[in-house]
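Q: Dropping a structure here in structure tokens format, bear with me for questions.
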Amino acid sequence: MGSSPKIVVLGAGLAGIGAATKLKTLGFKDVTIIEASGEAGGRIAKACFGKTWIDTGAQFIHGASEANPVYCLLKQHGLLTDVVIEDGTELMFHSKGHRVSADLANRVYEAGEEIVRQQHRGSPGKNMGDYFAENSLGLVNSWRVSDEEKMDILSILTLVGKSLLIDIGAQALNSVALDSWQYYTNMGDDLNIEGNMFPLIAKLLEDFPKDCLLLDRPVVKISWDGSFCDHDKRLYPVSVECENGEKFLCDHVVVTFSLGCLKAAPVTMFDPQLPDDKREVIEKLGFGCVNKIFLLYEKAFWERDAGSISLLWEDETPASLSTDSPQWQKNIQFFTVMRPREKFGNVLIGWCTGSVAQHIETMTEAELSAAITCNFRRFMGNPCIPCPKMVLRTQWHSKAFVRGSYSYIPAGVDGVIMDQLADPLSSRKNSSEDLQVLFAGEATIKNLYGTVQGALLSGYREAERLSQHYGRPVPSSTPCSSPTAI
Ligand SMILES: Cc1cc2nc3c(=O)[nH]c(=O)nc-3n(C[C@H](O)[C@H](O)[C@H](O)COP(=O)(O)OP(=O)(O)OC[C@H]3O[C@@H](n4cnc5c(N)ncnc54)[C@H](O)[C@@H]3O)c2cc1C
């Protein structure tokens with residue numbers, strides 16, 4: 001084959017960009033990225049809203065520390081300078097029209113988080129919903145409070161469960177494995193960097209050759225284990241075909257499609273078909289959906305130092321957690337305030353998950369605006385709260401080249417199967433491991449799935465796998481010294 005293998009990376013999300021840029025730094029010359037949409041970034045995406053640009057996809061650094069390569073890259077590129085570090089006050093309002101005491105809200109929220117944020121190693125078959133409901137009840141019963149306070153506490157704990165569902169993206173906590181995070185690497189506290197995530201994509205691609213990033217080319221077929229002849233008369237084992245008929249022959253293809261796209265791919269996408277064990281893993285893993293509703297107001301109706309506004313429904317308990325669409329209004333109850341106000345204006349983000357996230361994709365923004373305003377008025381006891389002057393709702397489930405938000409581990413499944421998803425495919429005709437089809441993406445990394453750093457590191461992992469395959473040294477790098485130059 002010679003010393004210059006042809007490598008094609010499918011998808012220009014963070015995993016694809018990570019793989020392609022790392023391959024370049026490792027000395028591979030012939031690297032092309034093929035992306036279906038008209039823009040790079042994938043689930044790191046932007047939209048113009050009001051007076052600025054906003055992140056419609058990822059906006060939190062889960063683990064803002066030097067151990068996190070994305071945090072380090074953002075820092076290196078000066079993208080963290082105007083980030084508001086303080087969380088801001090959490091405001092909670094009850095459906096009966098009163099404000100919940102901040103002291104009670106904080107104490108209960110913290111206790112609820114203690115229950116849900118444990119790693120729970122080796123609890124096969126158990127689910128988060130049962131565990132959370134059981135332990136929440138135990139917690140409430142252990143506190144000496146009035147019956148009325150008890151109801152408030154249960155509502156706050158329900159909110160904790162719903163926030164957890166948003167983090168996971170799933171439909172119901174009952175469908176999520178209790179030991180989902182048994183392999184998880186905790187890199188530190190979360191940092192909300194709203195409006196600063198998407199610029200990283202352009203920074204990472206700054207030195208990547210423009211003519212090697214091919215946009216607007218949905219891939220429809222990946223033929224492997226073949227022998228395809230190119231104009232240069234060389235034979236290649238892999239052929240990638242785009243919707244427009246263009247074909248790209250190569251020695252290795254790195255597939256970074258979302259798990260949602262892999263689940264939805266027609267059987268004809270891979271030829272020969274993916275092996276049974278790979279298809280089984282794709283089927284078993286969960287791919288959830290989270291959507292955001294951006295609401296821009298003429299004037300803020302919340303306090304200046306507010307970081308979030310939550311609406312607590314009186315008849316909800318941790319045992320009744322559900323995102324069934326008839327209940328959709330009850331599941332748009334958590335709003336973060338975009339800060340700094342000087343940059344974004346008076347903007348709230350409403351968060352929703354599971355079937356509600358899918359349901360709101362079918363509604364008009366005017367319908368959403370009316371329902372949310374009605375709830376704010378009722379819960380905050382203020383009939384004068386205005387309607388937002390602008391609304392933008394994301395539609396991640398309907399996005400053909402994503403089909404949801406991020407992967408999760410369903411009850412009864414061990415996250416170790418993400419390793420199987422990451423396993424590369426080699427020729428079945430000869431015994432040599434020739435790594436024809438490699439897999440990267442957030443769903444392929446069990447210790448950081450669902451995160452931006454997981455996506456990036458999975459791309460680096462596959463680039464390093466190829467480098468080792470060719471006997472090239474892989475320089476050891478600490479996250480904050482990750483190569484950016486090409
Ligand atoms: C609403 C939302 C909020 C999130 N919030 C956070 C957060 O706060 N913090 C965090 O760490 N993570 C968050 N995430 C998750 C994070 O965005 C992802 O884990 C990460 O960006 C995934 O990167 P990826 O490269 O694996 O996949 P993607 O970004 O999905 O990239 C895959 C690429 O493949 C392309 N593609 C798909 N099909 C084809 C095809 N047939 N042909 C060619 N190209 C194709 C897609 O267009 C896409 O560009 C969020 C995600 C969403 C949707």
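The values are calculated or read from the model by the stated rules, or taken from the named source; none is laboratory data. This is a predicted model, so every value here is computed, not measured. Ideal geometry is used to build each Cβ from the backbone, glycine not excepted, and the neighbour counts take in all protein chains shown.
Q: Is it true that some residue in region 81-104 is closer than 30 Å to residue 403 by Cα and either surrounded by fewer than 20 Cβ atoms within 10 Å (Cβ to Cβ) or not aromatic (Phe, Trp, Tyr) (or both)?
A: Yes, region 81-104 contains at least one residue that is closer than 30 Å to residue 403 by Cα and either surrounded by fewer than 20 Cβ atoms within 10 Å (Cβ to Cβ) or not aromatic (Phe, Trp, Tyr) (or both).
Q: Could you say whether any residue in region 55-74 is away from the ligand (no atom under 16 Å from the Cβ), at pLDDT 95 or above and over 14 Å from residue 194 (Cα atoms)?
A: For region 55-74, residues away from the ligand (no atom under 16 Å from the Cβ), at pLDDT 95 or above and over 14 Å from residue 194 (Cα atoms): present.
Q: If a residue counts only when it is closer than 27 Å to residue 100 by Cα and aliphatic (A, V, I, L, M), which helices (runs of 4 or more DSSP H) contained entirely in region 303-407 have at least 2 such residues?
A: 354-360, 365-380
Q: How many residues are surrounded by fewer than 24 Cβ atoms within 10 Å (Cβ to Cβ) and either in a helix (DSSP H, G or I) or touching a Lys or Arg at 6+ places or on another chain (Cβ under 8 Å) (or both) when one looks only at region 431-459?
A: Summing the residues that are surrounded by fewer than 24 Cβ atoms within 10 Å (Cβ to Cβ) and either in a helix (DSSP H, G or I) or touching a Lys or Arg at 6+ places or on another chain (Cβ under 8 Å) (or both) in region 431-459 gives 1.
Q: Go through region 214-263 and tell me which strands (runs of 3 or more DSSP E), entirely inside it, have 1 or more residues that are within 14 Å of the ligand (Cβ to nearest atom) and surrounded by fewer than 23 Cβ atoms within 10 Å (Cβ to Cβ).
A: Counting at least 1 such residues, we get 219-223, 238-242, 247-250.
For (1) within 16 Å of the ligand (Cβ to nearest atom); (2) under 23 Å from residue 405 (Cα atoms); (3) assigned by TED's automatic domain parsing to the domain that holds residue 238; (4) touching a residue at least 60 places away in the same chain (Cβ under 8 Å), each residue gets a yes or a no:
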position: 278; (1), (2), (3), (4): no, yes, yes, yes
position: 300; (1), (2), (3), (4): no, no, no, no
position: 321; (1), (2), (3), (4): no, yes, no, yes
position: 332; (1), (2), (3), (4): yes, yes, no, no
position: 339; (1), (2), (3), (4): yes, no, no, yes
position: 343; (1), (2), (3), (4): no, no, no, yes
position: 351; (1), (2), (3), (4): yes, yes, no, yes
position: 360; (1), (2), (3), (4): yes, yes, no, yes
position: 364; (1), (2), (3), (4): no, yes, no, no
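Q: Sticking with this one: Select the helices (runs of 4 or more DSSP H) contained entirely in region 96-207, then report the ones holding at least 2 residues which are within 16 Å of the ligand (Cβ to nearest atom) and β-branched (Val, Ile, Thr).
A: It comes to 147-168.
Q: Could you check region 395-428 and list, in sequence order, the residues that are polar (S, T, N, Q) and out of contact with any helix residue (DSSP H, G or I) (no Cβ under 9 Å at 6 or more places or on another chain)?
A: Those that are polar (S, T, N, Q) and out of contact with any helix residue (DSSP H, G or I) (no Cβ under 9 Å at 6 or more places or on another chain): 426, 427.
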